[in-house]
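Single-structure report; data block below.
The values are calculated or read from the model by the stated rules, or taken from the named source; none is laboratory data. As the structure is a prediction and not an experimental result, all values here were calculated from the model. Note: ideal-geometry Cβ built from the backbone for every residue, glycine included; neighbour counts use all protein chains shown. The protein model used for the area step is the full one, side chains on, heavy atoms only, and it has no ligands, DNA or RNA in it. Shrake-Rupley method; radii C 1.70, N 1.55, O 1.52, S 1.80 Å.
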Amino acid sequence: MSQSVLLKSIWESPLWLAHDLDPATDGLTLLRMEEADYRAASFLDQRVIGPASKTETLPWQSVAEALPAQARRDVQCIFHIGNVGSTLISRLLGELPEVFALREPLLLRTFFEMIGSGWDEGEADRRIDTLRALLSRTFRPEQRAIVKATSFTSELAARLVPPGSRALFLFASPQHYIENILAGENSRTTAEMLAPARLERLRSRCEGLALDLARLGPAHKAALGWACEMTSLEHNAARLPPGAVMWLDFDEFLNDAVSSFTAVAAHFGHPVSPAAAAAICGGPLMRRYSKALEYEYSPQLRRDILAQARWRHGAGIREALGWLNALANRYPALAQAIRRAH
């Protein structure tokens, strides 16, 4: 395919996913994906590429210069603190015919890294405009894109959400979040791996914060993750227009999924009848593990897993919660996050 034909095709539909950007060459990797491929994918990162995948690469500047003046920039977003049902919410919204759901595009993670270290403000703003347009593409005019971001990219929320668009901010209480992290080996490993970067991000909102990560146990590192990601959401919510953000506690969602789903859909501009909401929330998605649909995972199983973690790690969880509250007495940003969750 010639470059000119490919550039035209990019802006006609999301048939070519803007997959990732190589900072060294400024080349944009494109991955051909049908609508059914998007629907099936839990993550639009390296895991979506298979042996038969078709890719192309174009200079970022060429893609940006080919951006039509009338291109849509109306993407809506789901931001979250991690391990709080964002994939499930995205899949449920994707059941609505007018929603085009995208989950964790790798390109957004690369933008987070480059805005923090490689691009000045002017260049970042220009690139964000093109990114918004790339994420706003849909297969049909009546659709609207809703992107579920990777948790740490919530730092970009206020910059990414276009004027007139809306965002959902998903969270859990500190206790439920810590329990959930401690319940699984993979989530504990991830919390350990992310702790240094999360500490630096939290320090940007809690000036003078000094912690020795080597002395923090698994429960405290989970609490650190909660503090970092929740204060990031609070920081960005304060910079978005009134009414642009809907906050949702995932456990409250599970307690009344139909009403909560109806409210979320309405927030994004997609009114849903009670019967349609009940059919979607009563369907198989609520009984599967959203990141890997071949596994069962129900709201009751989540409650059982949290209870088991609470029984096994009770002392550590209580210490971590006390530590978190003590930090909140010193740092207003964290105090606001804790008020939100209670």
- Message: If you average the alpha carbon positions of the range 3-27 and of the range 215-259, how far apart do those two centres end up, in angstrom?
- Response: 33
- Cross-link reach from Lys54 to lysines, straight Cα distance under 25 Å and at least 8 residues apart if same chain, gives Lys8, Lys148, Lys291
- Given a 1.4 Å probe and every protein chain left where it sits, what share in percent of the accessible area of the chain is carbon and sulfur? 52
- Overall Cα dimensions of the range 12-67, principal axis frame, Å, largest first: 31, 25, 18
- Item | Entry for Kirkwood radius over Cα pairs in Å (calculated from the structure that is shown) out of (i) 20.3; (ii) 21.9; (iii) 20.9 | (iii)
- Message: Could you report the accessible area of Lys54 in Å², rounded to 10, computed with a 1.4 Å probe on the protein chains as they sit in the structure?
- Response: 100
- So what's the net charge close to Ser273: Lys and Arg +1, Asp and Glu -1, counting the other residues with Cβ under 14 Å from its Cβ? -2
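If you take every DSSP beta bridge whose two residues both sit in the chain, what share of them, in percent to the nearest 5, is antiparallel? List each step's numbers first, then the result.
Working: 13 of 30 bridges.
Close to 45 percent.
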- What does the charge dipole of the chain about its Cα centre add up to, to the nearest 20 debye, if the Cβ of each Lys and Arg holds +1 and the Cβ of each Asp and Glu holds -1? 580
- Message: If you average the alpha carbon positions of the range 155-207 and of the range 276-324, how far apart do those two centres end up, in angstrom?
- Response: 17
